[in-house]
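The values are calculated or read from the model by the stated rules, or taken from the named source; none is laboratory data. Quantities reported herein were computed from a predicted structural model and do not represent experimental measurements. Positions of Cβ are backbone-derived with ideal geometry, glycine not excepted, and every protein chain shown enters the neighbour counts.
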């Protein structure tokens, strides 16, 4: 059984992971585009935060810088996909592949950096801070999608003719979405870095699967097509996913251990996608 502290920790991590899941949701669900940059942008956000913190920068600037680093990773993917005519999935893979070396350079050639003893936004009331950050991140997206440009973003991946009728460039809208999506992911990586007090070059593996699992769990709980409802579903799904993993790792009678985390994650995703109503849950 989980202790009260472990329940609170799962909720905190779920709230922070929901910021990353919002970025993934923006590309896969709203724009209908496949982007695999997230495994790299979440790490570059953490790496930039850790490096700037070691240099004595304030945590607020370091956190936003992590988001900007993720945004630049999205820009890199967009340029390769649209200007260099490389397939969008391959562009994301290439960006993630190159970011591994860049992250090592950012962190001074070491694969991980510890941040114990440094001040962060989670020094006091970490649960409250995580909740406020998550509400703020979701509120920004809600406000964006209430605007005319937000309508263009929603149409970019599904109705290119509408984009042209609005007098906008579909390429620029998709590029903006890539940058905004990876800003959220890099920002979430910086949040996780300061919450866990370390950055690691290998910590991005499985980010996409974790985010998709959170999104699909949330959509299973709350079936809605509204933006606000979808964002609430993401938060609930992220928390639910963290609780599922925590319960599974504490199921000693099954023989599961910490090293089985990826196996558990994969099985959760398979179980959700294998549901009879999977047509409503799978990305198209």
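None of 34, 21 is crowded, with 17+ Cβ neighbours inside 10 Å, in contact (Cβ under 8 Å) with a residue 12 or more places away in the chain and touching a helix residue (DSSP H, G or I) at 6+ places or on another chain (Cβ under 8 Å) except 21.
Of the residues that sit in segment 222-268 and are at pLDDT below 70 and outside any helix (DSSP H, G or I), which one is surrounded by the most Cβ atoms within 10 Å (Cβ to Cβ)?
Going through segment 222-268, the residues at pLDDT below 70 turn out to be 251-258.
Narrowing the set further to residues that are outside any helix (DSSP H, G or I) leaves 251, 255-257.
Working: 251: 11, 255: 7, 256: 15, 257: 9.
Checked segment 222-268; the qualifying residue surrounded by the most Cβ atoms within 10 Å (Cβ to Cβ) is 256.
Matching residues to (1) crowded, with 24+ Cβ neighbours inside 10 Å; (2) in contact with a strand residue (DSSP E or B) (Cβ under 9 Å, 6 or more places away or on another chain); (3) assigned to a helix (DSSP H, G or I); (4) at pLDDT below 95:
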position: 52; (1), (2), (3), (4): no, no, yes, no
position: 63; (1), (2), (3), (4): yes, no, yes, no
position: 73; (1), (2), (3), (4): yes, no, yes, no
position: 78; (1), (2), (3), (4): yes, no, yes, yes
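Given the criteria without any contact (Cβ under 8 Å) to a residue 24 or more places away in the chain, surrounded by fewer than 20 Cβ atoms within 10 Å (Cβ to Cβ), in a helix (DSSP H, G or I) and out of contact with any strand residue (DSSP E or B) (no Cβ under 9 Å at 6 or more places or on another chain), does residue 209 qualify?
Working: without any contact (Cβ under 8 Å) to a residue 24 or more places away in the chain: no; surrounded by fewer than 20 Cβ atoms within 10 Å (Cβ to Cβ): yes; in a helix (DSSP H, G or I): yes; out of contact with any strand residue (DSSP E or B) (no Cβ under 9 Å at 6 or more places or on another chain): yes.
So residue 209 does not fit the description; no.
The number of residues in segment 152-164 that are surrounded by 16 or more Cβ atoms within 10 Å (Cβ to Cβ) and either touching a strand residue (DSSP E or B) at 6+ places or on another chain (Cβ under 8 Å) or farther than 16 Å from residue 28 by Cα (or both) comes to 1.
Restricting the search to segment 85-98, which residues are in contact with a helix residue (DSSP H, G or I) (Cβ under 6 Å, 6 or more places away or on another chain) and either surrounded by fewer than 21 Cβ atoms within 10 Å (Cβ to Cβ) or under 9 Å from residue 201 (Cβ atoms) (or both)? Give the steps one after another, and end with the answer.
Step one: list which residues in segment 85-98 are in contact with a helix residue (DSSP H, G or I) (Cβ under 6 Å, 6 or more places away or on another chain), which gives 86, 88, 91-92, 95-96.
Result: 86, 88.
For the residues 106, 93, the requirement of being more than 13 Å from the chain's Cα centre (by Cα), over 30 Å from residue 154 (Cβ atoms) and touching a residue at least 12 places away in the same chain (Cβ under 8 Å) singles out 106. Residue 116 meets the conditions (1) modelled with pLDDT under 95; (2) in contact with a strand residue (DSSP E or B) (Cβ under 9 Å, 6 or more places away or on another chain); (3) under 14 Å from residue 48 (Cα atoms) in every case but one. The failed one is (3).
Does residue 185 satisfy the condition of being part of a helix (DSSP H, G or I), within 19 Å of residue 74 (Cα to Cα), touching a residue at least 12 places away in the same chain (Cβ under 8 Å) and in contact with a helix residue (DSSP H, G or I) (Cβ under 8 Å, 6 or more places away or on another chain)? Spelling it out, residue 185 is indeed part of a helix (DSSP H, G or I), within 19 Å of residue 74 (Cα to Cα), touching a residue at least 12 places away in the same chain (Cβ under 8 Å) and in contact with a helix residue (DSSP H, G or I) (Cβ under 8 Å, 6 or more places away or on another chain).
Picking from 177, 193, which residue would you name as being in a helix (DSSP H, G or I), at negative phi and touching a strand residue (DSSP E or B) at 6+ places or on another chain (Cβ under 7 Å)? Give the derivation first.
Numbers: 177 fails: touching a strand residue (DSSP E or B) at 6+ places or on another chain (Cβ under 7 Å).
Checking each option against the conditions leaves just 193.
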